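The values are calculated or read from the model by the stated rules, or taken from the named source; none is laboratory data. None of the values given here were measured: they were computed from a predicted structure. With ideal geometry, Cβ positions are generated from the backbone for all residues, glycine too; neighbour counts draw on all protein chains shown. These accessible areas exclude ligands, DNA and RNA; they are computed on the full protein's heavy atoms, side chains included. Shrake-Rupley method; radii C 1.70, N 1.55, O 1.52, S 1.80 Å.
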Amino acid sequence: MPDRTTDQQPTFVRAELPADLQGRALLPGDEGYADETSTFNLCADVRPGVVVAAASAFDVQAAVRFAAAGNAPVAALSTGHGLPPVPIGPDAVVVSTRALRGVTVDAEARTARIEAGVRWADAVAEITKYGLAPLNGAAPGVGVVGFVLAGGHSPTLGRAHGFAADHVTEIEVVTADGALRTVTADSDPEMFFGLRGGRGNFGIVTAVEIELFPVTTLYAGSVFFPGESAAAVLNAYRAWVETVPESVSSSVALLRMPDAPFLPDPLRGRQVVSVRISCSDPAVNGPALVEPLRAVTTPLLDTVGEMPYADFAAIHADPPGPIPARDRSGLLRELTAETVDALVAVADETTAPPDLVEIRHLGGAFARPPAVPNAISCRDAAFTLFITTVGGDPEVVGAAQTAALERLRPWSTGMALPSFLSDRDATERGYTPDVQRRLAALKHRVDPANLFRLNHNIRPAA
């Protein structure tokens, strides 16, 4: 994993760093530098010449103006779950937004204002106090703002309500000129379009306002089966998803479980199949809903039942700590018997076996255009595809994952959700050509020097 205490000489001089910060500007070797540049994904190479640990939107403005004055690329960092497509080195400025942790709920309006350092665990804990729920992700440690800017696939409420980006009402963003702007559908329709799904290409977002939904409980959890039943479970699942209402979101993961003490005994060190289910409609008979899947074979473990919405993290039970992971993703048009065979073959790949091969059911509200258009342009897919490998030689893993995508190409749309783009993906995989051109024109207007380029970059074009 990268050594974030780096012995590289900094590009920046301490005397020239932003003054009057409420937070701190840190050079390599300074106390706090390693903490502010740490990432959940240990494969990320984040070693900037300076990191600004922002304590306010004012600090973000100061950092962006400082970077622009020196024509230095700048990136925001909250949790570091994803891998940037390029290393972030000593010529770059990183703005850490981890101290921006405010969550304000307006229960009457059913909205929440969430700052850039907030993670889903804290946001959901606060929002559910009011009998409401957001369109959150699967992992409690993921940052809210980054999730929303990339589109946001919710495995709890997504099929019922669509992408998280579809339900943003206001965005506070620092643009390349250092200005702090409040962007809405009325104030700047094109900027509002691009920010929702365009990732971090148009500025550093310091807060978002999102819509909330009156959901307090779920019928949810995971059913784990032995790995040798993967084909039978997947074939039952592909028939089952044709029958479920939009209130049901689900996925299937083929998993290689580590022999780790935090895992239940039936799963340790085994290859398993996990069907993840979330039903948000209390009128649906939960046990009857899940029975066709439970009947496939005897489960190793079954956690599906009624739960408070605040316990959402138990559904996917993602790893709690930092891990060195590399992933690839795609979108599938359909799930056929032949697709199932290909998925099982990918999971059993011997050159660099993946630790996770997952598909998530789309359709429902995911497929419908939002009330206010945004940059999410992959609404015709039936399933997401996600492949993850923990550790291993990067080149071997990369080649194996590329081969896996190729094996599944007959059922692929050729695109990927922006939120699942990996460091090996071209940005264009996340957008249709028309949307790509629209985003490039917006980039030309608000960031013509391409200051915000240390992500899946949309290059400015008039």
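One table, with the values for the structure above:
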quantity: Considering residues of segment 251-270 that are touching a residue at least 60 places away in the same chain (Cβ under 8 Å) and in contact with a Leu (Cβ under 9 Å, 6 or more places away or on another chain) only, the residue most open to solvent (accessible area, probe 1.4 Å); calculated: Arg256
quantity: Residues of segment 315-349 classified as in a helix (DSSP H, G or I) and not aliphatic (A, V, I, L, M), total; calculated: 4
quantity: Some residue of segment 142-160 being open to solvent by less than 10 Å² (accessible area, probe 1.4 Å), among the small types (Gly, Ala, Ser), within 30 Å of Arg270 (Cβ to Cβ) and assigned to a loop (DSSP other than H, G, I, E, B); calculated: yes
quantity: Residues being open to solvent by 20 Å² or more (accessible area, probe 1.4 Å), closer than 28 Å to Ala404 by Cα and part of a loop (DSSP other than H, G, I, E, B) - total across segment 421-451; calculated: 4
quantity: In segment 317-358, the residues that are open to solvent by 60 Å² or more (accessible area, probe 1.4 Å), touching a strand residue (DSSP E or B) at 6+ places or on another chain (Cβ under 9 Å) and modelled with pLDDT of 95 or more; calculated: Arg333, Glu334
quantity: Residue in segment 353-365 that is under 17 Å from the mean Cα position of the chain (by Cα) and of a type in the set (D, E, K, R) present; calculated: yes
quantity: Qualifying residue in segment 272-282 (condition: among the hydroxyl-bearing types (Ser, Thr, Tyr), part of a strand (DSSP E or B) and open to solvent by less than 50 Å² (accessible area, probe 1.4 Å)); calculated: yes
quantity: Among residues of segment 99-157, those that are more than 20 Å from Thr206 (Cβ to Cβ) and among the β-branched types (Val, Ile, Thr), counted; calculated: 3
quantity: Test: residue in segment 66-78 that is part of a helix (DSSP H, G or I), open to solvent by 40 Å² or more (accessible area, probe 1.4 Å) and out of contact with any Leu (no Cβ under 9 Å at 6 or more places or on another chain); calculated: yes
quantity: Residues that are open to solvent by 30 Å² or more (accessible area, probe 1.4 Å) and either among the charged types (D, E, K, R) or touching a Pro at 6+ places or on another chain (Cβ under 7 Å) (or both), drawn from segment 359-398; calculated: Arg368, Arg379, Asp380, Val390, Asp393, Glu395
